[in-house]
Structure formats: C-alpha cells, structure tokens
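Below you'll find the structure, written out as structure tokens, and then a few comments.
The values are calculated or read from the model by the stated rules, or taken from the named source; none is laboratory data. A quick note: this is a predicted structure, and the numbers were derived from the prediction, not measured. Cβ atoms come from the backbone with ideal geometry, glycine included; neighbour counts cover every protein chain shown.
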C-alpha cells in the first residue's frame with residue numbers, strides 16, 4: 001500500500017493524512033520524499049521498461065484516449081495504448097467492473113496504458129489532421145482496437161494521477177499512430193457522431209438513452225466527435241467526465257420533478273476501495289446535498305455542496321466532480337422508481353487506504369449501493385442513526 005505518513009525528515013511538514021498526495025498527484029514533490037512513493041509504485045506495477053524496449057508500440061487499446069488541460073486551447077492529446085494485444089485490454093477502460101478488485105489490481109491495469117500525446121489545438125476537431133482522425137476513429141469502437149504507434153522517445157512516468165480522471169501509465173510524445181483493424185462501432189454511436197447538425201448535449205442524451213456505456217460517451221465527447229460540425233472541440237478528459245455526468249443528470253432531473261414523493265426515509269449504503277457512500281432519500285421535493293469527509297482524526301472537517309428543486313447553475317466548487325458523480329446515480333434510481341425525493345449523499349474516505357483513482361469510484365459505489373434493498377424508516381432521526 002502507499003505509505004500513510006509521508007513526512008519530511010525530522011517529522012515536520014505536511015503528511016499524507018493532510019491530503020498532500022491529493023494536491024500533488026505524484027508530480028509536485030510537496031511531501032519532500034524522493035523518489036515519490038506513488039510513482040515508484042506505478043513503475044513497479046506496470047513493468048513498462050521491460051514491455052517497451054524501443055520506439056515502436058504495438059497493442060490493443062481498450063479503446064481509450066486522453067486529452068490534457070494544460071496549455072488550453074492547445075492541449076496534449078492522443079490514444080492510450082498498452083503493450084498487449086487481444087480482448088483482455090477491454091477491462092482497462094471499464095471502471096464499472098472494478099469495485100471487486102484490489103487497489104493494486106486496478107492500478108496495474110491502468111498503469112499498463114501508455115499515454116501517447118501530441119500538441120493539438122482544440123478546434124482541430126472541426127477538420128481533424130490524420131493523427132487525430134485515427135484517434136477519433138478508434139474512439140468510436142466498443143471493443144479493443146489493434147494499433148501501432150511510433151514514439152519520439154521512450155515512455156516515462158511523470159504525472160499518473162488526477163483528482164477526477166482514471167490513473168494513466170507513463171507518457172511519451174507521439175510521432176505516428178495507425179489503426180490495424182476497422183473499429184466495431186455501435187449503430188447509435190455511428191448515427192450520432194455522423195450527425196453534424198446535432199448539438200453535443202443532445203448527442204450525449206441520445207447515446208445514454210440508447211444504452212451506450214458512459215465511459216464511451218465521455219470518450220466521444222472528449223475527443224471532439226459530438227456536436228455541430230463547426231462547433232466540435234477537443235475537451236480535456238477531466239472536464240468531459242463531469243460534463244457528461246451533469247448533462248445526463250440534468251435530463252433525469254427534469255423527469256424526477258414530475259413524479260410523486262416517496263413515502264418513507266430510505267437509506268442505501270456501500271463500501272469499496274477505502275470509500276463509503278451512504279445515500280439518504282427523504283419524502284419531500286427534489287433537493288440534493290453531497291457531503292465529503294476524510295476520516296483523518298476525531299473531528300474531521302466536512303465539505304459540502306447542494307441544490308434545491310430547480311437544480312444549480314454554477315459549479316459545485318467544494319465537492320467538485322464527486323458532486324456530479326453521485327448525483328447522477330441517485331437520479332437514475334429515482335427515475336427507475338418513478339418517484340421524487342430529497343437526497344443527501346455522505347462520502348467517507350479512509351486516508352490510510354486512499355489512492356487518487358478518480359471520481360468514478362463514488363459513482364460506481366453509489367450505483368451498486370442503490371441496487372440493494374434499502375433500510376426504511378418513518379422518522380428522520382431514526383434514518384440518520386442507521
């Protein structure tokens with residue numbers, strides 16, 4: 001496991017429990033420990049040095065892409081390619097299947113993906129150059145896509161973690177990229193991405209309604225394949241994740257407002273990967289509050305964001321991406337129940353087991369918890385004590 005106390009010599013300075021790792025993400029050296037324990041762990045789990053020996057990289061992408069945010073509106077973007085072939089790479093891009101895996105199993109999967117990158121203006125999505133076109137074509141696929149990449153230099157670990165995105169492996173500047181197979185494209189994906197008059201928001205909603213995996217919808221949104229032709233843009237991956245959560249959530253919110261209230265107080269809960277998510281549904285009109293707490297002491301601070309019946313127009317500045325990641329599954333559940341409720345989501349994080357995996361973990365823990373029969377109460381105080 002990652003060290004739980006990353007202190008400077010002499011015991012002074014910030015510690016892991018004070019969320020140094022959550023601010024540093026393995027590339028700012030805030031803890032003073034060198035080399036970074038997170039990056040050393042990444043290298044040990046990936047074994048990339050022996051898997052990639054030259055400048056040519058051949059493998060089956062899950063498929064997966066990454067669009068950075070640094071330097072916007074000219075960003076580093078490219079496909080994520082593991083040095084392995086075959087369908088086994090598909091699970092590397094399916095966080096909905098990871099809750100039963102250990103942290104090291106998840107990290108080993110993600111650290112096997114080499115992030116290839118090249119500077120690309122975000123508006124290049126309007127008329128994509130060859131490399132971007134090949135990457136977009138790969139992103140259409142619902143199955144692993146065999147590909148070849150020529151790198152400018154060997155992959156190396158720099159920053160592998162982010163607060164919102166999935167972890168990624170080492171990165172390398174990209175010279176050329178080529179698909180070896182025709183992608184397996186679902187009909188709804190082909191229809192929506194080919195419609196250059198359809199706006200991006202409607203495209204996201206349509207794909208969601210057609211049952212396309214959220215990870216693929218986010219990928220298409222990020223790599224600039226949704227929206228009216230002249231308005232298509234590359235969108236940094238971390239922004240895309242929250243944008244898709246929010247777009248789908250707002251559509252479901254409209255439906256929930258038409259339903260009648262639930263009758264009892266309902267409590268759902270689940271735990272995985274050092275995180276517990278508890279959801280309290282109350283018999284009143286829609287309102288939502290997300291509370292996040294790091295269990296780092298006897299009186300840990302709690303951060304929160306909320307909205308009332310009409311929703312919110314500004315960004316959730318405190319809970320940030322986890323707010324939208326947990327709001328979405330609660331709205332999905334209410335639509336499935338055809339009921340309306342006020343909702344409070346409690347997110348508890350154990351710092352001793354914390355690794356920056358991205359906000360997907362809160363979304364998937366909440367979804368799994370909502371699949372189980374809830375505890376029912378007629379009194380709010382009893383529900384809060386559950």
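Annotations for the structure displayed:
- Just one of the numbered conditions (1) out of contact with any helix residue (DSSP H, G or I) (no Cβ under 7 Å at 6 or more places or on another chain); (2) modelled with pLDDT under 65; (3) crowded, with 20+ Cβ neighbours inside 10 Å is not true of residue 46: (1).
- Candidates 319, 372, filtered to the one that is more than 20 Å from residue 294 (Cα to Cα), touching a residue at least 24 places away in the same chain (Cβ under 8 Å) and not assigned by TED's automatic domain parsing to the domain that holds residue 111: 372
- Residue in the stretch 162-174 that is surrounded by fewer than 17 Cβ atoms within 10 Å (Cβ to Cβ), under 19 Å from the mean Cα position of the chain (by Cα) and outside any strand (DSSP E or B) present: yes
- Residues (in contact with a helix residue (DSSP H, G or I) (Cβ under 8 Å, 6 or more places away or on another chain), outside any helix (DSSP H, G or I) and either farther than 26 Å from residue 100 by Cα or free of Cβ contacts under 8 Å to residues at least 12 places away in the same chain (or both)) located in the stretch 241-280: 259, 262, 265
- Matching option when the condition is free of Cβ contacts under 8 Å to residues at least 24 places away in the same chain and either assigned to a strand (DSSP E or B) or under 19 Å from the mean Cα position of the chain (by Cα) (or both), among 303, 344: 303
- When the stretch 175-225 is filtered for residues that are within 19 Å of the chain's Cα centre (by Cα) and either assigned to a loop (DSSP other than H, G, I, E, B) or assigned by TED's automatic domain parsing to the domain that holds residue 131 (or both), the ones remaining, listed by number, are 211, 212, 213, 223, 224, 225.
- Annotation note: of 89, 61, the sole residue that is under 19 Å from the mean Cα position of the chain (by Cα), in contact (Cβ under 8 Å) with a residue 60 or more places away in the chain, farther than 18 Å from residue 361 by Cα and outside the structural domain of residue 235 (by TED's automatic domain parsing) is 61.
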